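J.: The structure's right below; bear with me while I get my questions together.
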Amino acid sequence: METPGSQSSLHRANLERVVRAVRLAGSLTQAEIARTTGLSAATVSNIVRELKEGGTVQVTPTSAGGRRARSVSLSGDAGIVIGVDFGHTHLRVAIGNLAHQVLDERAEPLDVDASATQGFDRAEQLVNKMIDATGVDRSKIAGIGLGVPGPIDVESGTLGSTAILPGWGGTRPAEELRGRLGVPVHVDNDANLGALGEMVWGSGRGVRDLAYIKVASGVGAGLVIDGKIYRGPGGTAGEIGHITLDESGPVCRCGNRGCLETFAAARYVLPLLHSSHGTDLTMEKVVRLARDGDPGCRRVIADVGRHVGSGVANLCNLLNPSRIVLGGDLAEAGELVLGPIRESVGRYAIPSAARQLSVLPGALGGRAEVLGALALALNEMGDSTLLDGAVAGAPLAGTPAFT
């Protein structure tokens, strides 16, 4: 029997520290594990050897700083996680293993104005179809990460803001999907998952303080403070879209006037171009036309960038992040939108905060949220089951990396 403070309990704690570090990072050299965990190089070497012999990790030769090294990752057969992302117009699902490999990823069009029941039906069907297609053992599914385009109450797990998803207000998405699929489900809003995805695999790697700005049918921000997603006590942190820019401006869906969202979100921006470009526009098409030189689209994109930059300046003054990552279709505009964002930040942010800030486009594109959902599932699972072999199984075939 292990007792607190005993050698066996200390060894067990060190094992879990190493497994957690590798699980969250995907792969680390032994030197990186030592820096991350604070354990000595000798202790890490012994633990990695033990975990390898037990089949929990795999070790492959690599190089670091021009020197030979050993890369440590969880074994491909250590467990399975699933990411589900409900967008405003799509449903995207990814299945991955604990070695940070994607086994399958698919997207389907989805009208979120339909009832929540129909949305969960579609998600259940697609997840089951993909599980059958990949041939994974259902008993190895460690958890599901679920993203929704609206705020989640931290205490109750209830989806709020019915103006965003009229047919979904008051539902408990995690509870609903858990009842259908029979595995643990962890839910968060899409902006937070975009931040998590970019932090783990994209433009936010190596940064401990950042904001992921998603501009789509709404405007939201996922906040990372000291390496962790910050949600606030009610789960509504990051609602940058409702910063007031003009008290006499358009009425926002939240009931206030002149919110950032009314100057930047697609539902407000696209009508500005209807008389000159037709009514079949999407933000993706506007960005493409802007990149091809269309002056009207370029003007709209630049205006949106300046408005978003005003909101980013407020974030800089309050939180002083070191990086802003822009997601959504707007990020594809590159410097056409990033330049105006930086211009507004330089004008409205405290100079010391503006100097320390870098503004980058997201590296994951439309995959950021579903990969963030996979990361959420990875973050929330425990390490004890891995060490106990509760999700052990046959090795999986080689698959492409998340990135």
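The values are calculated or read from the model by the stated rules, or taken from the named source; none is laboratory data. Since we're looking at a predicted model, the values are computed, not measured. Reconstructed Cβ throughout: ideal geometry from the backbone, glycine too, with neighbour counts over all protein chains shown.
J.: Note down all Cβ pairs under 7 Å where the first residue falls in the stretch 358-370 and is in the same structural domain as residue 330 (by TED's automatic domain parsing) and within 18 Å of residue 316 (Cα to Cα), the second is among the charged types (D, E, K, R) and in a helix (DSSP H, G or I), and they're at least six residues apart or on different chains.
T.: Taking only residues 6 or more apart or on different chains, the pairs are 359/342.
J.: Of the residues 179, 194, 202, 222, only one is within 22 Å of residue 120 (Cβ to Cβ), crowded, with 24+ Cβ neighbours inside 10 Å and not aromatic (Phe, Trp, Tyr); which? Show your work before the answer.
T.: Working: 179 fails: crowded, with 24+ Cβ neighbours inside 10 Å; 202 fails: within 22 Å of residue 120 (Cβ to Cβ); 222 fails: within 22 Å of residue 120 (Cβ to Cβ).
Result: 194 is the single residue among 179, 194, 202, 222 that is within 22 Å of residue 120 (Cβ to Cβ), crowded, with 24+ Cβ neighbours inside 10 Å and not aromatic (Phe, Trp, Tyr).
J.: Inspect the stretch 21-31 for any residue being polar (S, T, N, Q), assigned to a strand (DSSP E or B), exposed (fewer than 12 other Cβ atoms within 10 Å of the Cβ) and at negative phi and give the result as yes or no. So that I can check it myself, show each step before the final result.
T.: Initial filter on the stretch 21-31 (polar (S, T, N, Q)): 27, 29-30.
When the remaining residues are screened for being assigned to a strand (DSSP E or B), the result is 29.
With exposed (fewer than 12 other Cβ atoms within 10 Å of the Cβ) added as a condition, the list becomes none.
No; the residues of the stretch 21-31 include none that is polar (S, T, N, Q), assigned to a strand (DSSP E or B), exposed (fewer than 12 other Cβ atoms within 10 Å of the Cβ) and at negative phi.
J.: Only one of these is at pLDDT 90 or above, basic (Lys, Arg), farther than 18 Å from residue 375 by Cβ and part of a strand (DSSP E or B): 106, 122. Name it. Talk me through it step by step, then tell me what you get.
T.: Numbers: 122 fails: part of a strand (DSSP E or B).
When all the criteria are applied, what remains is 106.
J.: Name the pairs whose Cβ atoms lie under 7 Å apart, with the first residue in the stretch 228-241 and closer than 21 Å to residue 308 by Cα, the second basic (Lys, Arg) and modelled with pLDDT of 90 or more, and 6 or more positions between them or separate chains?
T.: Here the result reads 237/231, each pair linking the stretch 228-241 to a residue that is basic (Lys, Arg) and modelled with pLDDT of 90 or more.
J.: Could you please let me know if residue 287 is more than 14 Å from residue 221 (Cβ to Cβ), among the β-branched types (Val, Ile, Thr), in contact (Cβ under 8 Å) with a residue 40 or more places away in the chain and assigned to a helix (DSSP H, G or I)?
T.: Values: more than 14 Å from residue 221 (Cβ to Cβ): yes; among the β-branched types (Val, Ile, Thr): yes; in contact (Cβ under 8 Å) with a residue 40 or more places away in the chain: yes; assigned to a helix (DSSP H, G or I): yes.
It is true that residue 287 is more than 14 Å from residue 221 (Cβ to Cβ), among the β-branched types (Val, Ile, Thr), in contact (Cβ under 8 Å) with a residue 40 or more places away in the chain and assigned to a helix (DSSP H, G or I).
J.: Could you give me the residue pairs with C-beta distances under 7 Å whose first residue belongs to the stretch 315-332 and is closer than 14 Å to residue 224 by Cβ, whose second residue is surrounded by 24 or more Cβ atoms within 10 Å (Cβ to Cβ) and among the acidic types (Asp, Glu) wherever it lies, and which are 6+ apart or on separate chains?
T.: If the second residue must be surrounded by 24 or more Cβ atoms within 10 Å (Cβ to Cβ) and among the acidic types (Asp, Glu), the pairs left are 325/198.
J.: Assuming residue 63 fulfils every condition listed in (1) of a type in the set (Gly, Ala, Ser); (2) exposed (fewer than 14 other Cβ atoms within 10 Å of the Cβ); (3) assigned to a helix (DSSP H, G or I) apart from one, which condition is it?
T.: Result: residue 63 passes all but (3).
J.: Is there any pair with a first residue in the stretch 246-266 that is at negative phi and surrounded by fewer than 18 Cβ atoms within 10 Å (Cβ to Cβ) and a second that is basic (Lys, Arg) and not in a loop (DSSP other than H, G, I, E, B) whose Cβ atoms are under 6 Å apart and which are 6 or more apart or on different chains, and what are they?
T.: These pairs meet every condition: 247/257; 249/257; 251/257.
J.: Sticking with this one: Quick one: count up the residues across the stretch 156-210 that are in the same structural domain as residue 126 (by TED's automatic domain parsing), under 25 Å from residue 242 (Cβ atoms), modelled with pLDDT of 90 or more and not in a helix (DSSP H, G or I).
T.: Final tally of qualifying residues: 4.
J.: Need pairs with beta-carbon distance below 7 Å; first residue in the same structural domain as residue 376 (by TED's automatic domain parsing) and within the stretch 124-142, second assigned to a helix (DSSP H, G or I) and exposed (fewer than 13 other Cβ atoms within 10 Å of the Cβ); sequence gap 6+ or separate chains.
T.: Pairs found: 131/138.
J.: While we're here: Which numbered condition trips up residue 42, out of (1) modelled with pLDDT of 90 or more; (2) surrounded by fewer than 15 Cβ atoms within 10 Å (Cβ to Cβ); (3) in contact with a helix residue (DSSP H, G or I) (Cβ under 7 Å, 6 or more places away or on another chain)?
T.: (3)
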